[in-house]
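What follows is a short report on a single structure.
Just so it is clear, none of the values below were taken in a lab; they were calculated from the coordinates. A quick note: this is a predicted structure, and the numbers were derived from the prediction, not measured. Reconstructed Cβ throughout: ideal geometry from the backbone, glycine too, with neighbour counts over all protein chains shown.
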Amino acid sequence: REASRLRDERLEAVGQLAASIAHEFRNPLTTVMGFVQLFRSQFDELAPGAYEAIWGELERMKDVTDSLMVLARPEAFKPIPCDLAEMARAAIGACEPLALERGVPVDLGPLPPAQVLGHPGQLRQMMVHLLRNAIEAAAETRGRVVLWVTSTEAEAIVHIQDTGPGIPDSVLEHLGEPLYHTKEKGTGLGLMVVHRIVQQHGGQIHIRRTEAPIGTAVEVRLPISRR
Ligand code: ADP
C-alpha cells in the first residue's frame, strides 16, 4: 500500500513536469509540421524519401507530446458523465490503421452502455494505448485482440485481451513504473499515461498473463456514475 502510494506520488510529479514540457513543445511542433507539409514537393525534389522520413519522425514527436499532455495538472481535470462503450468504439476506430498494417484482427465483444464520470478524451486515449500494446503484441504471434465492456452495480469494466506472447513476470512487476519498457522503439509512455488516467478517474487496472490461450488480459475498472 505504501509502495503504491509512493508510486502514485512519483507518477503525479513526473506527470506534471512532463505535461508542462509537452505544452511548450506543442505550438512549435505544429508550426514545423505545417511548414514541412507546405514544402513537401521541394523536399522530394531535393532528396527523395526525405519528406517521408522527416514526417515520420515529426509524427512520433507529436504522438509523444499528445500522450504527455494527457498527464495535465489535476486541477485541469473536470470530469463529466460519459459512456465508456462509446469511447471504446472511438478508440477502436483510432487503432484500425495500426491493426490493418500489422494484420491483427480486433474483435468487438458486447459493448453495453456504461456511464462513468470522466474526461472523454483521456478515457479514449487510455484505451488507445492499451489497444496499441495489444495489437503490437498480437502481431508478434499472428494473434488477435478482443475488447468488451461489462458493468456491475458499482463499476464499469473495460476488458482488452490479446493472444500475443504474454508478459513475463520479470516485466510484469515493473509495469506502471514511469517510462519502463522492453521494446526497441518503445517509450514506456503508454502504460505510464494509462496508469495516470486510471488513477485520476479513481479506478483500478489489472494486467495479467493468460495461459490458455497464452496472451495478456487487461481490465480497467472505473466507478459508475449515477448522474
Ligand atoms: P511501449 O509500448 O512504448 O514500449 P508501454 O508503456 O505502452 O510502452 O508498455 C511498456 C511495456 O509493457 C512494453 O514495452 C511491453 O514490454 C509491455 N507490454 C505492454 N502491454 C503488453 C501486451 N499487451 N503484451 C505484451 N507486453 C506488453
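Could you tell me the calculated FRET efficiency between Val36 and Glu219, based on Cβ-Cβ distance and R0 = 35 angstrom, to the nearest 0.05?
On the way: r = 41 Å, r/R0 = 1.17.
FRET efficiency, Val36 to Glu219: 0.30.
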key: Spin-label pair Arg208/Glu59, simplified geometry with 7 Å Cα→Cβ offset, distance in nm   = 3.7 nm
ask   = Normalised by the number of residues in the chain, what is the relative contact order in percent for Cα pairs under 8 Å and 6+ residues apart?
value = 20 percent
task = For the chain, set up a Gaussian network in which alpha carbons nearer than 10 Å are linked by springs, and say which option among Leu29, Leu117, Leu17 fluctuates the most.
result = Leu29
note = With x for Gly and Pro, the residue-by-residue ³J(HN,Hα) of the stretch 186-199, computed from phi through the Karplus equation 6.51 cos²θ - 1.76 cosθ + 1.60 at θ = phi - 60° and given in whole Hz, is x, 10, x, 7, x, 6, 5, 5, 4, 4, 5, 5, 4, 4
remark   = Checking the stretch 1-103 for trypsin sites (Lys or Arg not before Pro) in a loop per DSSP with at most 10 other beta-carbon atoms within 10 Å yields Arg1
Fewest-first ranking of Met33, Met69, using other Cβ atoms within 10 Å as the exposure measure = Met33, Met69
query = Can you pull the Rg over Rh of the stretch 114-227, Cα-only, Kirkwood?
reply = 0.97
task = Determine the gain in length on full extension of the stretch Leu175-Gln16; use 0.36 nm per residue of separation and subtract their C-alpha separation, reporting nm with one decimal.
result = 55.3 nm
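Given a Förster distance of 25 angstrom, what is the FRET efficiency for Thr152 paired with Arg7, based on the Cβ-Cβ distance and rounded to 0.05? Show your work: numbers first, answer last.
On the way: r = 26 Å, r/R0 = 1.05.
With a Förster radius of 25 Å, E is 0.45.
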task = Would you grab the residues whose amide H sits under 5 Å from the one on Gly118? Only those 5+ places off in sequence or on another chain, please, with H modelled 1.01 Å from N.
result = Ile80, Cys82
ask   = So what are the ³J(HN,Hα) numbers for the stretch 126-141, from phi and the Karplus equation (6.51, -1.76, 1.60; θ = phi - 60°), rounded to whole Hz, Gly and Pro as x?
value = 4, 6, 4, 4, 5, 5, 4, 4, 5, 5, 4, 5, 5, 5, 6, 10
